[in-house]
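Colleague: Dumping the structure here so I can ask a few things about it.
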Amino acid sequence: MATRDSINEVVEESEFPPADVHGTLNPGGNNQVQVDPISSDVAILKEIKEQAEIKKKQRQEEKEDSLRKMKSGIIISGIVVAVAGAVFAITKKLREK
């Protein structure tokens, strides 16, 4: 049978760290949060990549939007020139008669 001395020796060798009763019962009051540096680095890198992708998409959309505007402008000016030419031709024919 185990003696009290041998039990005390085992207990002294394998002491648990003291419990944080206030931190466990009041998690909102815990200001000393330990963050895993590797996980936080991975999260930061992921966030940076997502932001870069968003910026790239925005630039691409702006580029496409400006091309659409320019294309629309060229088409509209072409139509205006064609209408003006048609009006000029019609007036010229009417003057000849």
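The values are calculated or read from the model by the stated rules, or taken from the named source; none is laboratory data. Small disclaimer: the values here were computed from a predicted structure and weren't measured. We place every Cβ from the backbone using ideal geometry, glycine too, and count neighbours over all the protein chains shown.
One line per residue, one yes/no per condition, for (1) polar (S, T, N, Q); (2) within 43 Å of the chain's Cα centre (by Cα); (3) more than 30 Å from ALA19 (Cβ to Cβ); (4) outside any helix (DSSP H, G or I):
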position	(1), (2), (3), (4)
ILE48	no, yes, yes, no
LYS56	no, yes, yes, no
LYS69	no, yes, yes, no
GLY78	no, yes, yes, no
ALA82	no, no, yes, no
THR91	yes, no, yes, no
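Colleague: Scan the stretch 23-42 for residues that are at pLDDT below 70 and surrounded by 10 or more Cβ atoms within 10 Å (Cβ to Cβ) and jot them down.
Modeller: Those that are at pLDDT below 70 and surrounded by 10 or more Cβ atoms within 10 Å (Cβ to Cβ): GLY23, ASN30.
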